[in-house]
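Report on one structure; see the data block that follows.
Nothing in this text is a laboratory measurement; each read-out follows from the coordinates by a stated rule. These numbers were taken from a predicted model, which means no experiment stands behind them. Here the Cβ is made from the backbone with ideal geometry for all residues, glycine too, and neighbour counts use every protein chain on show.
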Amino acid sequence: MRRISFALLPVVIAACVAFCGCSQADPTIDVYADVTVLSDELVAVSVRVEASSLPDGEYVPFAFYPPLFSSRETLPVTDGAFAAACPDGFDAGEVLDFRAGGDVAAYAQSGCLLRVCPKRRGGTLSFCFDYTLRVPVNAMRYGRDEFALRLADFLPRLCLFGGEYREYDCLPIGDPFAFDAADYRLRVTHPDGMTLAAPGEVAATEGGATVYLADARDCTLVLLKDPDTAVASDGAFAVTAYARDEAKARSAADLALSSAAYFREKIGAPVRDALTVVVLPFYAGGMEYCGLVYVADSLSASAASACVVHETAHLWWYDSVGFDQVAEPWKDEALAQSCMFAYFCDKLPPFGYTLVESAVAASPAVTDFRRPLSEYGSAADYHRSVYCAAATKLYALRSLGDEKFFGALSDFFADRRGGVAK
Ligand SMILES: [Zn+2]
């Protein structure tokens with residue numbers, strides 16, 4: 001490890017680099033799922049989660065988000081963001097015919113938590129769930145509109161982070177997720193006229209595709225109607241972008257590829273060598289998943305550019321290195337945002353400087369950015385604190401010189417790559 005004088009480094013980067021040691025999760029998780037898209041709104045899912053070396057506990061906790069979309073009261077959105085999240089008003093989703101089998105002896109659902117009592121302890125346990133989703137109309141992570149059927153967070157995920165159980169309610173601000181990686185193998189079938197946007201290795205089959213996504217904290221699929229597609233590759237990394245118009249797909253693909261090359265050079269190789277970018281109706285700018293990101297198609301050209309690069313940076317800070325985004329939401333966001341600042345300050349200086357100056361101006365009095373998600377009162381408060389205050393404080397450390405700045409980031413990345421920071 002490169003030696004760094006931490007006394008020189010103000011608190012943000014010191015906290016980033018001085019986490020306790022990397023915790024490689026002992027449990028192993030394999031997820032096998034048959035996903036049958038029956039129509040524009042109905043999706044049948046049959047999923048088996050195989051897990052070994054699980055921690056001891058009274059029960060095995062899973063996070064399963066679709067039930068939250070069944071009522072306005074449990075919908076994970078603030079009142080302030082509701083109009084953007086549900087531009088056509090609230091539409092209730094449903095989870096139909098939910099059944100559990102395999103090693104599930106009993107289960108209880110509360111909010112997004114699915115607590116399972118296993119039939120036995122130890123060894124490899126096989127948890128099976130079958131259900132049909134009626135996906136609601138909205139502009140959220142999980143939902144649908146006339147262009148996209150967004151299947152984020154639609155599979156039950158083991159509440160494991162760093163090999164330990166962590167049960168979190170789904171908060172309406174930020175990205176309330178913290179999961180260890182699993183290997184996903186999906187068989188997806190869908191009607192003609194839909195295009196599957198998926199992460200990982202995708203192979204076409206009769207009526208659909210198989211998806212293999214290794215070492216992933218989530219597995220998100222999007223079904224699109226008549227998208228324009230653009231691909232870009234530099235031999236080491238490949239991007240496939242989808243959008244409602246060709247120019248947006250082309251721009252997203254080229255920018256994601258260019259920024260991925262920059263981050264690879266400055267920080268190191270990420271855990272995967274491909275990214276799928278989906279430009280689609282979305283209420284919150286952008287969203288990172290493993291090997292796939294959302295970018296809102298309502299953004300201005302400059303905001304979309306910043307968003308594409310920020311979400312691409314999450315391939316390093318989230319996908320390759322996991323963070324507890326509920327307890328410490330500022331860490332991966334400040335890292336991704338700082339990397340976005342660095343990319344534009346080097347590649348398109350006037351625009352880059354404007355981005356940094358705007359973020360500094362937006363957060364002059366914010367110092368308490370080390371709050372857990374539960375302590376934010378509004379999305380605006382969260383944005384100022386995490387994307388502006390924390391990110392600009394971290395990026396200001398670049399004044400120490402690129403060798404120290406990127407040296408610290410790349411050392412930190414190399415230490416935690418493929419695991420989590422906690
Ligand atoms: Zn982000």
Can you list residues whose amide H is under 5 Å from VAL321's amide H, if they're 5+ apart or on another chain and H is modeled 1.01 Å from N?
GLY418
Among the trypsin sites (Lys or Arg not before Pro) in segment 34-136, which ones are in a DSSP loop with at most 16 other Cβ atoms within 10 Å of the Cβ? Mind listing them?
ARG72, LYS119, ARG120, ARG121
Can you work out D for segment 42-124 in µm² s⁻¹ from Stokes-Einstein, where Rh is the Kirkwood radius over C-alpha pairs, the temperature is 10 °C and the viscosity is 1.306 mPa s?
105
Around GLU201, under 11 Å between beta carbons, what's the net of Lys plus Arg minus Asp minus Glu among the other residues?
+1
Please report how far the C-alpha centroid of segment 175-232 lies from that of segment 139-166, rounded to the nearest whole angstrom.
13
With +1 on each Lys and Arg Cβ and -1 on each Asp and Glu Cβ, and nothing else charged, work out how big the dipole of segment 300-366 is about its Cα centre, in Debye to the nearest 20.
220
Determine the dipole magnitude for segment 361-422: charges of +1 sit on the beta-carbon of Lys and Arg, -1 on that of Asp and Glu, nothing else is charged, the reference point is the Cα centre, and the result goes in debye to the nearest 20.
80
Separation between the ASP234 and ASP26 pseudo-spin-labels, each 7 Å from Cα along Cα→Cβ, expressed in nm?
4.1
Multiplying the sequence separation of ALA303 and THR189 by 0.36 nm and subtracting their Cα-Cα distance, what value in nm do you get?
37.6 nm
Find how many whole Å separate the alpha carbon centroid of segment 286-343 from the alpha carbon centroid of segment 59-88.
22
About its Cα centre, how strong a charge dipole does the chain have in debye, to the nearest 20, once Lys and Arg get +1 and Asp and Glu get -1 at the Cβ?
920
Shape call for segment 40-187, from the Cα gyration tensor axes a ≥ b ≥ c (a/c under 1.5 means rounded, otherwise prolate when a/b beats b/c, else oblate), comes out prolate
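Given the alpha-carbon gyration tensor of the chain, what are the semi-axes of its equivalent ellipsoid in whole angstrom, ordered largest first, with each equal to the square root of 5 times an eigenvalue? The partial results should precede the final answer.
Values: eigenvalues 209, 127, 87 Å².
So the three semi-axes of the chain are 32, 25, 21 Å.
When DSSP assigns beta bridges and you keep just the ones with both residues in the chain, what percent turn out antiparallel, to the nearest 5?
Beta bridges within the chain, antiparallel portion: roughly 80 percent.
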What does a probe at ARG99 reach in segment 28-52, counting residues whose amide N is under 15 Å from the point 7 Å along Cα→Cβ?
34, 44-48
Find the all-direction average of the projected area of the Cα convex hull for segment 212-324, expressing the result in square nanometres with one decimal place.
6.9
List the lysines whose Cα sits under 20 Å from the Cα of LYS248, skipping any in the same chain fewer than 8 residues away.
LYS225, LYS347
Counting other Cβ atoms within 10 Å, keep those with at most 13, restrict to DSSP loop, and tell me which GluC sites (Glu not before Pro) in segment 35-115 are left.
GLU58, GLU73
Determine which residues of segment 271-313 fall in the zone a paramagnetic label at ALA362 would reach in this model, i.e. backbone nitrogen under 17 Å from the point 7 Å along Cα→Cβ.
283-288, 295-313
